[in-house]
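Taking it in order: structure first as structure tokens, then the write-up.
Each value in this text was obtained by applying a stated rule to the coordinates, not by laboratory testing. Computed from a prediction, not measured in an experiment: that's the story for all the values here. Cβ: placed from backbone, ideal geometry, glycine included. Neighbour counts: every protein chain shown.
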Amino acid sequence: MRLSGIFFFVAVLLAFTACQTSKASLRSHVGALNIVSVDLTANQVSATHPAAARYLKDYTRFRLHHNSDPGGRPINVQIEMNALLYKDPLLSVLVGSANTLAATVSITDTDGRMLMRRQLSVTSNAAINGVVGAVIAATDNHNKITQELVVGLAGRIEKMLFGKVGNHR
């Protein structure tokens with residue numbers, strides 16, 4: 001009985017600590033940011049999905065430059081696509097499936113020093129599975145899904161750098 005009380009206390013303490021640990025934006029640590037470049041690392045995923053890779057680079061560049069402060073600290077953003085997966089009809093019936101875009105985002109200063117590196121991902125249509133999910137997966141428009149995933153990931157990158165999405169200079 002006493003041992004379970006200790007485990008409960010430790011679990012509550014860890015949960016409280018996790019709630020207090022915040023992934024603050026880079027801007028909150030270093031001040032205003034000047035986005036010098038947004039590049040995409042070429043790899044197997046970007047080679048397999050060249051249109052998605054190009055859209056991810058261009059749209060993210062647009063979103064970030066919108067918040068960039070020309071007088072801020074110059075930084076470079078490097079994106080590496082780790083996965084672009086579309087909802088699978090068979091998996092949707094058996095165990096569940098979702099559309100997913102995952103990337104590693106690295107932020108460096110102009111001297112190449114790493115300031116921040118995070119794994120980010122976005123998903124869609126994860127909640128609807130079974131037969132209905134299989135029908136959705138079989139009839140999905142991959143171009144539209146790719147656009148939605150890119151917009152979501154660009155928003156996460158924007159939040160990682162600037163804080164609240166849409167929080168302009």
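For MET81, MET114, MET160, what ranking results if the residue with the fewest other Cβ atoms within 10 Å of its Cβ goes first? Please list the in-between numbers first.
On the way: MET81 24, MET114 10, MET160 19.
Listing MET81, MET114, MET160 from fewest to most nearby Cβ atoms yields MET114, MET160, MET81.
Test of understanding: ordering THR41, THR60, THR48 by Cβ neighbours within 10 Å, fewest first, what list do you get? Mind dumping the intermediate values first?
Working: THR41 14, THR60 26, THR48 11.
Listed from fewest to most nearby Cβ atoms, that is THR48, THR41, THR60.
Excluding residues on the same chain fewer than 8 positions from LYS57, give the aspartates and glutamates whose Cα lies under 15 Å from its Cα.
Correct list for LYS57: ASP39, GLU80, GLU148, GLU158.
Using the Karplus curve 6.51 cos²θ - 1.76 cosθ + 1.60 with θ = phi - 60°, work out ³J(HN,Hα) for each residue of the range 41-51 in order, rounded to whole Hz, and write x for Gly and Pro.
6, 6, 8, 4, 5, 5, 6, 6, 10, x, 5
Starting from the Cα gyration tensor of the range 70-164, multiply each eigenvalue by 5, take the square root, and state the resulting semi-axes largest first in whole Å. Can you show the working numbers first?
On the way: eigenvalues 232, 27, 19 Å².
Semi-axes (√(5λ), whole Å): 34, 12, 10.
Once you have the Cα-Cα distance between VAL30 and THR48, take 0.36 nm times their residue separation minus that, and quote the gain in nm to one decimal.
Values: separation 18, 0.36 × 18 = 6.48 nm, distance 3.62 nm.
Length gained, VAL30 through THR48: 2.9 nm.
What length, rounded to one decimal in nm, is gained on full extension from ASN141 through to ARG117, with 0.36 nm per residue of separation minus their alpha-carbon distance?
Working: separation 24, 0.36 × 24 = 8.64 nm, distance 3.16 nm.
Difference between extended and current length: 5.5 nm.
Going by amide H atoms built from the backbone, whose H comes under 5 Å of the H on ASN34, apart from near neighbours?
When sequence neighbours closer than 5 places are left aside, the close amide H contacts are ASP69, GLY72, ARG73, ILE75.
For HIS49, HIS29, what ranking results if the residue with the fewest other Cβ atoms within 10 Å of its Cβ goes first? Could the numbers behind the result be given before it?
Values: HIS49 18, HIS29 9.
Placing the least packed residue first, the sequence is HIS29, HIS49.
Restricting everything to alpha-carbon atoms, can you work out Rg to Rh for the range 69-114 with a Kirkwood hydrodynamic radius? Display every interim value, and only then the final one.
Values: Rg = 17.7 Å, Rh = 13.4 Å.
With Rg and the Kirkwood Rh in hand, the quotient comes to 1.33.
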